[in-house]
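The values are calculated or read from the model by the stated rules, or taken from the named source; none is laboratory data. Treat the numbers as computed from the prediction; the structure is a model and nothing was measured. Because the Cβ atoms are built from the backbone with ideal geometry, glycine has one as well, and the counts that use them run over all protein chains shown. Note: areas computed on protein heavy atoms with side chains; ligands, DNA, RNA excluded. Shrake-Rupley method; radii C 1.70, N 1.55, O 1.52, S 1.80 Å.
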Amino acid sequence: MTENELKSRLREIALSCGGSGPERTPAGPAVYLTFDDGPGPYTAGLLDVLKDCGVRATFFVTAQKPDCLDLISRASAEGHSIGAHTFSHEYREIYAGDGAFLRDFLACEEMIRARTGRYTRLFRFPGGSSNTVSRITPGIVTRMSETLTAMGFRYFDWNVDSGDTSGIRDGGTVLRNITEGCRGRQASIVLQHDIKSFSVGIVRDVIAWGRENGYCFLPLGPDSPEARLPIAN
Ligand code: ZN
């Protein structure tokens, strides 16, 4: 497909998602747990914890682990929001050019549709919108954010970084990063990775802490509060 064909197909996809449903306005401060880069080997256990706690979250998915893709169906069926993260998660390929980015985005949308029966308007840039790998194609994140937003897609970064990809390997630090990051915020969008066992392992503790402190847990939707990092391309 040419770049223009990719854009017109994606425009149709965004339209097919329809308008947003009525957004539930949280009574108090809200925490939006988001998990990137799965599904992977720890995603099923995470879904068990979320189900047990009655919490719905958001999964920004990839196709990196073909054997785990059925978990996207399960997550969707259990009420979690599914967002497109990237099909390949190969930054240098995705950010190689506008066409390459759109092709990967479409592949991710098609994978989600195949597993859940519908496309999604939610996405997260690989590496977040502030990533600097994308500088291999100057301005690409700016152009893609404008193009996809105009079509009706919504991208989310985060305002609470669990730090689980920053070299930390212990759950205690991840838990502390999250609770300290959420404290005092009305809307916390928390970045975690469900391909990290030590990060998945403290989710039950995050939920317990949140509930003790008056936070509710919600999945992201197209009308959820934004958390955007400065674009750095
Ligand atoms: Zn990622």
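Which count do you get for residues in the stretch 167-199 that are in a helix (DSSP H, G or I), closer than 24 Å to GLN64 by Cα and out of contact with any strand residue (DSSP E or B) (no Cβ under 6 Å at 6 or more places or on another chain)?
First, the residues of the stretch 167-199 that are in a helix (DSSP H, G or I): 171-182, 197-199.
Now drop any that are not closer than 24 Å to GLN64 by Cα, which leaves 171, 174, 197-199.
Checking which are out of contact with any strand residue (DSSP E or B) (no Cβ under 6 Å at 6 or more places or on another chain) leaves us with 171, 174, 197-198.
The total comes to 4.
Considering the stretch 138-151 alone, what residues qualify as being surrounded by fewer than 19 Cβ atoms within 10 Å (Cβ to Cβ) and either over 28 Å from PRO29 (Cβ atoms) or without any contact (Cβ under 8 Å) to a residue 60 or more places away in the chain (or both)?
Our first condition is that a residue be surrounded by fewer than 19 Cβ atoms within 10 Å (Cβ to Cβ); within the stretch 138-151, this holds for 138-139, 142-143, 145-147, 149-151.
Answer for the stretch 138-151, where residues must be surrounded by fewer than 19 Cβ atoms within 10 Å (Cβ to Cβ) and either over 28 Å from PRO29 (Cβ atoms) or without any contact (Cβ under 8 Å) to a residue 60 or more places away in the chain (or both): PRO138, GLY139, THR142, ARG143, GLU146, THR147, THR149, ALA150, MET151.
Here are the criteria: (1) in contact with a helix residue (DSSP H, G or I) (Cβ under 6 Å, 6 or more places away or on another chain); (2) open to solvent by 50 Å² or more (accessible area, probe 1.4 Å); (3) at positive phi. Tell me which single one GLY163 does not satisfy.
Result: GLY163 fails condition (2) only.
Out of all the residues in the stretch 113-132, which are exposed (fewer than 15 other Cβ atoms within 10 Å of the Cβ) and within 16 Å of the ligand (Cβ to nearest atom)?
The answer is THR132, and nothing else.
Can you pull out the residues in the stretch 58-112 that are assigned to a helix (DSSP H, G or I), within 12 Å of the ligand (Cβ to nearest atom) and surrounded by 19 or more Cβ atoms within 10 Å (Cβ to Cβ)? Working first, answer last.
Within the stretch 58-112, the first condition is being assigned to a helix (DSSP H, G or I), and the residues that meet it are 66-68, 70-77, 91-94, 98-112.
Of the ones still in play, those that are also within 12 Å of the ligand (Cβ to nearest atom) are 91, 94, 108.
If the condition is that a residue be assigned to a helix (DSSP H, G or I), within 12 Å of the ligand (Cβ to nearest atom) and surrounded by 19 or more Cβ atoms within 10 Å (Cβ to Cβ), then ILE94, CYS108 are the ones that fit.
Those residues that are open to solvent by 50 Å² or more (accessible area, probe 1.4 Å) and of a type in the set (Ser, Thr, Tyr), I need them from the stretch 185-218; list them, please.
Across the stretch 185-218, the qualifying residue is only SER197.
Assuming GLY28 fulfils every condition listed in (1) more than 21 Å from TRP158 (Cβ to Cβ); (2) loosely packed, with under 13 Cβ neighbours inside 10 Å apart from one, which condition is it?
(1)
Let's see how each residue does on (1) in contact with a Leu (Cβ under 7 Å, 6 or more places away or on another chain); (2) more than 26 Å from ASP104 (Cα to Cα); (3) modelled with pLDDT of 95 or more; (4) among the β-branched types (Val, Ile, Thr):
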residue	(1), (2), (3), (4)
ARG121	no, no, yes, no
MET144	no, no, yes, no
ALA150	no, no, yes, no
SER162	yes, yes, yes, no
ASP194	yes, no, yes, no
VAL203	yes, yes, yes, yes
ARG211	no, yes, yes, no
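Filter the stretch 8-47 down to residues that are within 16 Å of the ligand (Cβ to nearest atom) and among the small types (Gly, Ala, Ser) and give me whichever is nearest to PRO219 (Cα to Cα).
Selected residue: GLY38.
If I go through the stretch 24-37 residue by residue, how many of them are of a type in the set (D, E, K, R) and either modelled with pLDDT of 95 or more or under 18 Å from the mean Cα position of the chain (by Cα) (or both)?
Residues of the stretch 24-37 that are of a type in the set (D, E, K, R), as a first pass: 24, 36-37.
The next check asks that each one be either modelled with pLDDT of 95 or more or under 18 Å from the mean Cα position of the chain (by Cα) (or both); those that pass are 36-37.
So the answer is 2.
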